[in-house]
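Asker: Sharing a structure with you now.
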Amino acid sequence: MKIMFSAGEASGDMHAAAVAAELKKNHPDIEMLGMGGPAMKRAGVRIVYDIENLGVIGVVEIIKHIPFFFRLRDYIRRVVEKEKPDVFVCVDYPGFNMKLAHMVSQMGIPVVYYIAPTIWAWNKGRARNIVRDVDCVASIFPFEAEAYRKAGANVTFVGHPLVDTVHPVMTEQEAMTHFGARKEAKRILLMPGSRKNEVRDLLPVMLRAGKQLMKMADCQFFMPRAETIPEEMLTSLIEQEGDISVTITEGHQYDLMSICTACIASSGTATLETALMELPTVLVYKLAPVTWFLAKHLVHVKYAGLPNLLLNREVTPELLQDAVTPEHIVEIAGAWITDETKRQQNIQELKEVRSKLGDSGAVRRTGELILNTARIGKE
């Protein structure tokens, strides 16, 4: 059997890799290929296009790259025609993957969508295209599964994969030693994102906030490097800001979260990970002005952060667009590093997030769904 994946950014690469590893473990003879990154490659997927340079977000940014995406789609078409996979698995990255799903379905190849488009948040018109082009949606949120079911899609709620993977593997002392963390310091995690343009926009603001936090307490800063972001880019931005030291880390991200006091993170999967690790987090996000204008008129949800959407209240404070300032970040994070009671209050709220994400085994269930879809396609 041959399975082809399409992931367009670091989080999708991670989720696709987990499924690929599960499939390979139980079915060693399966052949896997696709568009992806280093995590998928390590999981045994033959990479036909490396996603390192796909970090593009926002309407304006995407418009600038339209010719490139047309060329990439044509290239993927040629790969599909040559390889003839038994099933095609789209992972997140809806702006591009929806086009691929339509293209591949017209070629008679069954399509599974994992980490599906957020029709519950905006662009409900995509639901019609999902019904038309996708054989099965592997849904990771219960409210998402219900939205797809109402739209007429074939959907299975598999649960969220992070329930299985988000946990430390080191003891607290092992993690402190591994990262060179100081016990007396307030350890602050900086997570500016996995796309180059969001890192350029958000990291300088985070660093300026950090310098203000240093005036309130003894602080130590850590920043996990997303595999899609060159280390040289991060060190350059830190040096440009000056007067702040940040330890750039590789691997053992959940062990790092387990010893941190607070976090400042770009909106996305990271805020769900920190919520599951019960780490108080300030969510920050900025878009190009045109994209933000459209989002305000098209998005139909109250919150940007996944923890807040799950609980229908703000347990992860959100700062969006013009509200993303060092002063606003310090106002929130400063309370957590100076008042342990307030920090513990937030931790108690975050404990509720895990219960909303379903039982463990999401990756296994997704793998089984992909195999079943491929088998049905062969009948």
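Asker: Looking only at segment 312-330, which residues are open to solvent by less than 70 Å² (accessible area, probe 1.4 Å) and either among the aliphatic types (A, V, I, L, M) or under 22 Å from Leu276 (Cβ atoms) (or both)? Don't jump to the end; show me each part of the working.
Answerer: Going residue by residue through segment 312-330, those that are open to solvent by less than 70 Å² (accessible area, probe 1.4 Å) are 315-321, 323-326, 329-330.
Those that are open to solvent by less than 70 Å² (accessible area, probe 1.4 Å) and either among the aliphatic types (A, V, I, L, M) or under 22 Å from Leu276 (Cβ atoms) (or both): Val315, Thr316, Pro317, Glu318, Leu319, Leu320, Ala323, Val324, Ile329, Val330.
Asker: Within segment 14-38, track down each residue that is open to solvent by less than 40 Å² (accessible area, probe 1.4 Å), at pLDDT below 95 and more than 15 Å from Gly367 (Cβ to Cβ).
Answerer: Gly37, the sole residue that qualifies.
Asker: Now a separate question. Suppose we filter segment 130-155 for residues that are buried (at least 19 other Cβ atoms within 10 Å of the Cβ) and either of a type in the set (S, T, N, Q) or at pLDDT 90 or above (or both); how many remain?
Answerer: Going through segment 130-155, the residues buried (at least 19 other Cβ atoms within 10 Å of the Cβ) turn out to be 130, 133-141, 144-145, 147-148, 153, 155.
Still in the running and either of a type in the set (S, T, N, Q) or at pLDDT 90 or above (or both): 130, 133-140, 145, 148, 153, 155.
Result for segment 130-155: 13.
Asker: If you scan segment 331-357, which residues turn out to be open to solvent by less than 30 Å² (accessible area, probe 1.4 Å) and either assigned to a helix (DSSP H, G or I) or in contact with a strand residue (DSSP E or B) (Cβ under 7 Å, 6 or more places away or on another chain) (or both)? Steps first, answer last, please.
Answerer: From segment 331-357, those open to solvent by less than 30 Å² (accessible area, probe 1.4 Å) are 333-337, 346-347, 350, 353, 357; that's our starting set.
Selection gives Ala333, Gly334, Ala335, Trp336, Ile337, Asn346, Ile347, Leu350.
Asker: Right, another one. Taking the criterion of being surrounded by fewer than 17 Cβ atoms within 10 Å (Cβ to Cβ), β-branched (Val, Ile, Thr) and without any contact (Cβ under 8 Å) to a residue 24 or more places away in the chain, would at least one residue in segment 169-176 satisfy it? Explain how you work it out, then say what you get.
Answerer: Let us first name the residues in segment 169-176 that are surrounded by fewer than 17 Cβ atoms within 10 Å (Cβ to Cβ), namely 169, 171-174.
Cutting the leftovers down to β-branched (Val, Ile, Thr) gives us 169, 171.
From the residues that got through so far, the ones that are without any contact (Cβ under 8 Å) to a residue 24 or more places away in the chain too are 171.
Yes; the residues of segment 169-176 include at least one that is surrounded by fewer than 17 Cβ atoms within 10 Å (Cβ to Cβ), β-branched (Val, Ile, Thr) and without any contact (Cβ under 8 Å) to a residue 24 or more places away in the chain.
Asker: Related question: Every residue in segment 358-374 that is assigned to a helix (DSSP H, G or I), in contact (Cβ under 8 Å) with a residue 24 or more places away in the chain and charged (D, E, K, R), please.
Answerer: Of everything in segment 358-374, those that are assigned to a helix (DSSP H, G or I), in contact (Cβ under 8 Å) with a residue 24 or more places away in the chain and charged (D, E, K, R) turn out to be Arg364, Arg365.
Asker: If only one of Tyr75, Tyr114 is open to solvent by 10 Å² or more (accessible area, probe 1.4 Å), in contact (Cβ under 8 Å) with a residue 12 or more places away in the chain and assigned by the TED database to the domain that holds Gly152, which one is it?
Answerer: Working: Tyr114 fails: open to solvent by 10 Å² or more (accessible area, probe 1.4 Å).
Just a single option satisfies the conditions, and that option is Tyr75.
Asker: While we're on this one: For a quick check of your reading of the model, give me the residue pairs whose first member lies in segment 307-331 and is closer than 15 Å to Arg208 by Cβ, whose second is part of a helix (DSSP H, G or I) and modelled with pLDDT under 95, with beta-carbon atoms closer than 9 Å and at least 6 apart or on different chains.
Answerer: Qualifying pairs under 9 Å: Val324/Asp201.
Asker: Might you let me know whether segment 174-193 holds any residue that is within 20 Å of the chain's Cα centre (by Cα) and under 16 Å from Val91 (Cβ atoms)?
Answerer: No, the conditions are met nowhere in segment 174-193.
The values are calculated or read from the model by the stated rules, or taken from the named source; none is laboratory data. In this text, all values refer to a predicted model and were calculated from it rather than measured experimentally. Positions of Cβ are backbone-derived with ideal geometry, glycine not excepted, and every protein chain shown enters the neighbour counts. In case anyone asks, the SASA skips ligands and DNA or RNA and just uses the protein heavy atoms, side chains included. Shrake-Rupley method; radii C 1.70, N 1.55, O 1.52, S 1.80 Å.
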